[in-house]
Every structure is written in structure tokens, then in C-alpha cells.
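The values are calculated or read from the model by the stated rules, or taken from the named source; none is laboratory data. Quick caveat: nothing in here was measured; it's all calculated off a predicted structure. Positions of Cβ are generated from backbone atoms using ideal geometry, with glycine treated the same way; all protein chains shown enter the neighbour counts. Surface accessibility is based on the protein's heavy atoms, side chains included, excluding ligands, DNA and RNA. Shrake-Rupley method; radii C 1.70, N 1.55, O 1.52, S 1.80 Å.
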Amino acid sequence: MGFKLKALVVVSSGLVVGVCTYAAYRTWKKRQNSADDEGFEDVSKLEESLEKKVLVLGLDRSGKSTLVSQIVKDVGQKSIISSSLYKPTEGFNVTSLSDGASPTVNIWEIGGKESVRRYWAKFFQDTDILVFVVDASNNSNLSVVVNEIKSLLGDARLASVPILVLANKQDVAGALGAEQISNVLDLKSIPSRSHQVKVLETQTKPGSSEIHPTVLEVRKVLLKLSSHV
């Protein structure tokens, strides 16, 4: 299956700069759509509906950047994404993925440092799918993860948004499995009528051309979900 890939990479050293850049991106996107579809308003609305926004969150060093870079990477092909994506994100990265059949998936990965997390809410608007990456090998951070997820669930802008929790770093000895992560984060207490929640185990091989099957499964799930939200 051939995937079309385009990437906008933003690594902001200042949080205010990062948020302003996000606003600038949305303005540019609206203007581009308006220019491309001038005189064809109905087509413009149709095209916009064929793009889905995936918001990727998680604490710092949970493995978000590596996961995203491999999700959008074709098997057996070199990645065209900058190697900087393998470093912890301080601002945000935007990558678009399309298989030609499902809607285009715009993946927004936001930095996970404590100083950045207070700005997460700036990116909630228009989210179709929420992905939360958990370092399943770091038990000391799980209480923070619980608090962050509870905060996300309390925001009206994310109401009814499907949630995909990735129990990452399964290659590390002692990492908690999907069922354990679900129990620790108390995900089963989330009413199914408010959110569809799915937990997957993932692991990556940074710098390798080989993509782990767990990452391919995440790609498959995202494309499938994008067709139903």
C-alpha cells in the first residue's frame, strides 16, 4: 500500500512561539483552502470533511516522536522526515498521512514537558481522534499520566472523541502490558457512551528501517477510525 506523506515540522524553543505558530498554521490552512477552491464552496466543504485531526499527547520521553515518525513511514522505504523528530518535541510537529482511500490523517504531536502540558488545551479544537502515549516501563510517571488523562476527559472539546492509549516501550524489561496499563489508568471506568477507548502495546526501533508490527497495527487502527469519525 502506498502512502502519501507531507510534513510540517515545528520545533519551538518558546512555548508562546509554538502556540502562535499553531494559530498561524490554521490561518494559512484556511486561506489555502479558500484560494484553492474559490468559486467552489461546496467542494471546499467536502474536501475539509475528508481531513481528520489526530492529536498525539503523552509525557516527555514517552516515545511519541519516534512512534509518529514510524507510523507515517512506508515499509522498505527511507523516511523523508527529519531525524530531529526522534528527539523530544518542545513545540509541536504536524504530519499528514493518507492511503488514498481513507480520509487524510493530520497527526498533531505536542511536546510533553511539564512546562508545555499547560498549553495542550490550545490544540484540542477540532480533534477527531486522541492518542495518548504512555511509557509503560516507567511506573513512577503513571500517577501523572492518570491526572493528565482525567483532565483531558473533563474538557468538552474532547467529548465523544475516540481515545487510543499506546502502552509504549514494550521492548523494555518490566514494561506493563495493555491490560495492566488499562487497570492502572482506570480506563475501564470511562463510559463507553462518552468515549471509545482502545489500548495497544507498542515498541519501536529508533534509527532502524524496520517497522515493528505493533506500529503497523496503530497505523491501521488510525486509518480505520478516521473513516468512522
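Data overview
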| read-out | value |
| --- | --- |
| Flag if Ser182 is hydroxyl-bearing (Ser, Thr, Tyr) and surrounded by 13 or more Cβ atoms within 10 Å (Cβ to Cβ) | yes |
| Residues of region 165-191 classified as aliphatic (A, V, I, L, M) and in contact (Cβ under 8 Å) with a residue 60 or more places away in the chain, total | 1 |
| Selection count, region 131-151, where residues are touching a Phe, Trp or Tyr at 6+ places or on another chain (Cβ under 9 Å) and of a type outside the set (S, T, N, Q) | 3 |
| Total residues in region 76-130, condition aliphatic (A, V, I, L, M), open to solvent by 20 Å² or more (accessible area, probe 1.4 Å) and modelled with pLDDT of 90 or more | 1 |
| Residue in region 170-182 that is in contact with an Asp or Glu (Cβ under 8 Å, 6 or more places away or on another chain), assigned by the TED database to the domain that holds Phe124 and not hydrophobic (A, V, I, L, M, F, W, C) present | yes |
